[in-house]
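The values are calculated or read from the model by the stated rules, or taken from the named source; none is laboratory data. On a predicted model such as this, the values are computed, not experimentally measured, just so you know. Heads up, the Cβs are rebuilt from the backbone with ideal geometry, glycines too, and the neighbour counts pull from every protein chain shown.
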């Protein structure tokens, strides 16, 4: 990393593993970095437990809200707001390229950390400002998404519709708790790409995700639900998945 910090990794959402790593770092400056919504599994970070351990070991906390901004929390500020822990999180990072539909990103923290980043962050110092038309679009996205909860309500309605029907097909959706819906195929990369090609012939693009982005025995397709999807579009998608993926998975 640019910071030169030593990185230690704990098992996915495993608080015992995290505590073991924190024990190794006692007496050292430590920053625990997590995602709000994990981008490949769709589950949420166990943030209350993470914050509790950070306080116990005097460690800082950093949360990546890339897949949760505008989607979680009463005001769409992400998983930290969802858990009521915004004041406890040291640094919150987000992107403007997903739910906002633009480019760029942002960091939220206390004034001291923000001043430090402005002075010493190479990506900040050597990047150009976002162009005014993109800023205008981002401001409008924020206005629309936060004027009421209708878009978030529709997103969760569509997410539930897709999840329920996919689960009824007997597909492995992992432990998703969000709009990110994995369809786990297994260890065969050949099968994954064969299915992807067949699905595309049917007029649907479904993103295949291969090792090393995910474990070698959990190759998958990944769906990101949207508030813009119509019932007709979702039904067409579900029918293609049922016709192509379900028989292949059951045959294994």
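For the range 202-214, the set of residues classified as under 16 Å from residue 225 (Cα atoms), in contact with a helix residue (DSSP H, G or I) (Cβ under 7 Å, 6 or more places away or on another chain) and assigned to a loop (DSSP other than H, G, I, E, B) consists of 204, 206, listed by residue number.
Name the one entry in 101, 84, 73 that is free of Cβ contacts under 8 Å to residues at least 24 places away in the same chain, under 14 Å from residue 151 (Cβ atoms) and in a loop (DSSP other than H, G, I, E, B).
One residue alone meets the criteria, 73.
Listed here are the helices (runs of 4 or more DSSP H) enclosed by the range 109-201 that have at least 3 residues being within 23 Å of residue 245 (Cβ to Cβ): 150-168, 189-201.
Go through the range 41-69 and count every residue that is in a loop (DSSP other than H, G, I, E, B) and either modelled with pLDDT under 95 or farther than 27 Å from residue 173 by Cα (or both). Total meeting the criteria: 3.
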